[in-house]
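A short worksheet on the structure shown next.
The values are calculated or read from the model by the stated rules, or taken from the named source; none is laboratory data. Since the model is a prediction, treat every value here as computed from it, not as a measurement. As a convention, Cβ positions derive from the backbone with ideal geometry for all residues, glycine included, and neighbour counts pool all protein chains shown. Protein only, heavy atoms only, side chains kept; ligands, DNA and RNA dropped before computing areas. Shrake-Rupley method; radii C 1.70, N 1.55, O 1.52, S 1.80 Å.
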Amino acid sequence: MNLFVNGKKITTSASLTMRLVDFLRENLELTGTKEGCGEGECGACSVIIDGELINSCLVILGQVQNKSIITIEGLDEPEISAAFEETGAVQCGFCTPGMIIASSVLLAKNPSPEENEIKKAISGNLCRCTGYTKIIEAIKKAGKEKQCGTSN
Amino acid sequence: MWYEQLNFEKPKTLNQALNLVKKNGYQPISGGSDLLINLRQKSDKINTLVYIKELKELNFLKRQDNILKIGAAVTYTNFLKQGNLLPPLAEAISEIASPAIRNIGTIGGNIINASPAGDCLPVLFGFEAELVLKSLNETRILPISDFVKGPGKTDLQKGELLTEIRIKIPAYSYYYRKFGARKSLAISKVSFFGMKLKEENKIRLAYGAVGPKVIRATKAEKLFALGKVDEIPETIYNTVTPIDDQRSEADYRKHLCVKVTDHFLRNL
Ligand SMILES: Cc1cc2nc3c(=O)[nH]c(=O)nc-3n(C[C@H](O)[C@H](O)[C@H](O)COP(=O)(O)OP(=O)(O)OC[C@H]3O[C@@H](n4cnc5c(N)ncnc54)[C@H](O)[C@@H]3O)c2cc1C
Ligand code: FES
Ligand code: FES
């Protein structure tokens, strides 16, 4: 079966009932995608599949045949990563790749989201360290910077 | 994960899918958000997953006059994208879990999963939705209240797939409310859907997460039609049957049902 990961075509004979998170981490060694709960609750395993935010622990390979997957390694969003660093939205960092993935899906739809929308967009991403305030701040900042970047 | 040992089939048509799901050990998988988590409990009975989520025959939204037809594999996100097809269902769906789960989960999966807290169910019970169930040789159309039997139990027969949810939309006004434990990913503690039929002096009351399946308070509905509104609170208190280890918790949820019903009735 084939799938596209970060723009590259991958052909694999791995089991079609293998979880996407395991395939990414073990077979492709893309370990930026984390596994927290393994049950869809924490969002550490977030990836983008055909433009949609998805928990890779809840998807098996057969469900993503010929689909295009973007992981944190393939995400080209320097503004978001920088904003997370600068606002102190990263502590232990375990939730960060998932948060950044979720943020990028939000900002692609709406570069200047209200606080409420941000909260909804990251409602499936848990952070045990930061209390979310700084993450929300980071997402606002990244949105502003992205807009400046595109309008210049 | 241990289920890597299972086989996987991706049929191209509904007919091919029906030919597969009739076989022993073949289990449909749509979004997989319930199945992949519960698979362990069923693992001795399953050897092959049959992927149905992308079948064309299960992916449609059609509104003809006052009939809405929803393909069983329509995801929450895709339903919401269609805007105003059925506002109370959209409202219930928009409160489900997180964006990522709404991208995966399907309306049909929510029905077959038959969780007492399944968030599509109170609205579908209120509208008296009909379900279209297809097997190779037969099509059955059943009211949802007959099809859903109890926690995790439905009348789905081996070899059958749910293909369509059919909703007749009368002139109505409504009130929907979900009380959850946490902000997101909340499993409902109580959910309520009340509707008033505009052309008749009738209401419908549906309660989720306070019984083995959604409870329609038909006795209270009749009291309304008879003008005996003051008897409704006590009737509701006695109709809903939350199960809980702690008595106080069950009692609290009964009171919540009474209060939310009262709010609905006052604002008709
Ligand atoms: C983290 C998390 C949070 C959740 N939060 C909520 C919530 O807030 N509210 C809520 O209601 N639910 C919630 N759920 C449950 C779940 O997302 C929904 O019930 C969802 O609608 C299931 O759809 P699915 O397509 O993923 O089902 P699947 O897992 O693919 O299937 C579920 C069951 O139905 C069968 N099935 C599916 N489609 C068909 C069909 N067309 N014909 C015959 N059989 C079929 C499958 O064989 C399986 O037994 C949550 C789940 C997770 C993991
Ligand atoms: S690991 Fe996938 S949501 Fe927690
Ligand atoms: S920074 Fe530690 S979980 Fe978010």
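Which percent of the accessible area of segment A:78-148 is formed by carbon and sulfur heavy atoms (probe 1.4 angstrom)?
52 percent
Can you tell me the Rg and Dmax of the protein assembly as shown, counting just the alpha carbons, in angstroms?
22.7, 68
Applying 1/(1 + (r/R0)^6) with R0 = 45 Å to the Cβ-Cβ distance of B:Asp251 and B:Lys69, what FRET efficiency is obtained, to the nearest 0.05?
Once rounded, the FRET efficiency stands at 0.65.
Got a number for the accessible area of B:Asp65? Probe 1.4 Å, square angstrom, nearest 10.
Probe radius 1.4 Å; accessible area of B:Asp65 about 140 Å².
Using only atoms on other chains, find how many Cβ atoms lie within 10 Å of each Cβ of peptide A:57-67 and report the average.
5
What translational D, rounded to a whole number of µm²/s, comes out for segment B:119-222 from Stokes-Einstein when the hydrodynamic radius is the Kirkwood one over Cα pairs, at 25 °C and 0.890 mPa s?
Using the Kirkwood radius from Cα pairs, D works out to 165 µm²/s.
Amide H of B:Ser98: which non-local residues (sequence gap of 5 or more, or other chain) have their own amide H closer than 5 Å, using H built in the peptide plane?
B:Leu185
So, R0 is 56 Å and r is the distance between the beta-carbons of B:Lys56 and A:Glu114; what FRET efficiency does that work out to, to 0.05?
Step by step, r from the Cβ atoms, then E = 0.90.
Taking loop as defined by DSSP and a crowding limit of 13 other beta carbons within 10 Å, which GluC sites (Glu not before Pro) in segment A:101-137 fit?
A:Glu114
Please quote Rg/Rh for chain A to two decimal places, taking the Kirkwood radius as Rh and restricting both calculations to Cα atoms.
A ratio of 0.98.
Can you find, among B:Leu142, B:Pro242, B:Ser33, the residue farthest towards the positive end of the dipole of chain B? Put +1 on the C-beta of Lys and Arg, -1 on that of Asp and Glu.
Farthest towards the positive end: B:Ser33.
Can you give the percent of C-alpha pairs in segment A:78-148 whose distance is more than 17 Å?
So the pairs more than 17 Å apart make up 29 percent of the total in segment A:78-148.
With equal scatterers on the alpha carbons only and no solvent term, can you work out the Debye log10 of I(q)/I(0) for segment A:2-74 at 0.12, 0.13, 0.21 1/Å?
-0.25, -0.29, -0.82
Suppose every Lys and Arg Cβ carries +1 and every Asp and Glu Cβ carries -1, with no other charges. What dipole size does chain B come out with about its Cα centre, to the nearest 20 debye?
Dipole size: approximately 280 debye.
Percent antiparallel among DSSP beta bridges with both residues in chain B, to the nearest 5?
85 percent
For segment A:2-74, what does the accessible surface come to per residue with a 1.4 Å probe? Please give it in Å².
With all protein chains present, segment A:2-74 gives 37 Å² per residue.
Would you kindly derive the ³J(HN,Hα) couplings of segment A:105-118 from the backbone phi angles with the Karplus curve 6.51 cos²θ - 1.76 cosθ + 1.60 (θ = phi - 60°), listing them in order in whole Hz, with x for Gly and Pro?
Along segment A:105-118, the couplings run 5, 4, 5, 5, 7, 8, x, 10, x, 6, 3, 4, 5, 4 Hz.
In segment B:52-169, how does Rg compare with the Kirkwood Rh, expressed as the Rg/Rh ratio over alpha carbon atoms?
Radius of gyration over Kirkwood radius for segment B:52-169 works out to 0.93.
For chain B, treating each Cα as an identical point scatterer without solvent, what Debye log10 I(q)/I(0) comes out at q = 0.14, 0.17 1/Å?
Log10 I(q)/I(0), no solvent term: -0.99, -1.36.
Please identify every one of the GluC sites (Glu not before Pro) in segment B:143-229 that sits in a loop by DSSP and has no more than 15 other beta carbons within 10 Å of its own beta carbon.
Here the sparse-neighbourhood loop sites are B:Glu199, B:Glu200.
Multiplying the sequence separation of B:Ile243 and B:Lys202 by 0.36 nm and subtracting their Cα-Cα distance, what value in nm do you get?
Between B:Ile243 and B:Lys202, full extension yields 11.8 nm more.
Dividing the convex hull volume of the Cα atoms of segment B:13-77 by its residue count, what figure in Å³ per residue is obtained?
Dividing the Cα hull volume of segment B:13-77 by its residue count gives 101 Å³.
Report the charge-dipole magnitude of the protein assembly as shown in Debye, nearest 20, computed about the Cα centre from +1 at each Lys and Arg Cβ and -1 at each Asp and Glu Cβ.
Around 940 debye, computed over the protein assembly as shown.
List the trypsin sites (Lys or Arg not before Pro) in segment B:87-160 that DSSP assigns to loop (not H, G, I, E or B) and whose Cβ has at most 12 other Cβ atoms within 10 Å. Which are they?
Passing both the DSSP loop test and the Cβ count: B:Lys158.
Using just the helices of chain A, give the 222 nm mean residue ellipticity in deg cm²/dmol: DSSP H runs with n ≥ 4 each add -39,500 (n - 2.57), and the total is spread over all residues, rounded to 500.
Value at 222 nm, helices only, nearest 500: -10500 deg cm²/dmol.
Just counting partner chain Cβ atoms within 10 Å, what average do the residues of peptide B:3-14 show around their Cβ?
For peptide B:3-14, the averaged partner shielding equals 4.
So what is the relative contact order for chain B, in percent, with contacts set as C-alpha pairs under 8 Å and at least six apart?
15 percent
Return the calculated 222 nm mean residue ellipticity for chain B, to the nearest 500 deg cm²/dmol, obtained by summing -39500 (n - 2.57) across DSSP H runs with n ≥ 4 and dividing by the residue count.
One gets -9000 deg cm²/dmol as the mean residue ellipticity at 222 nm.
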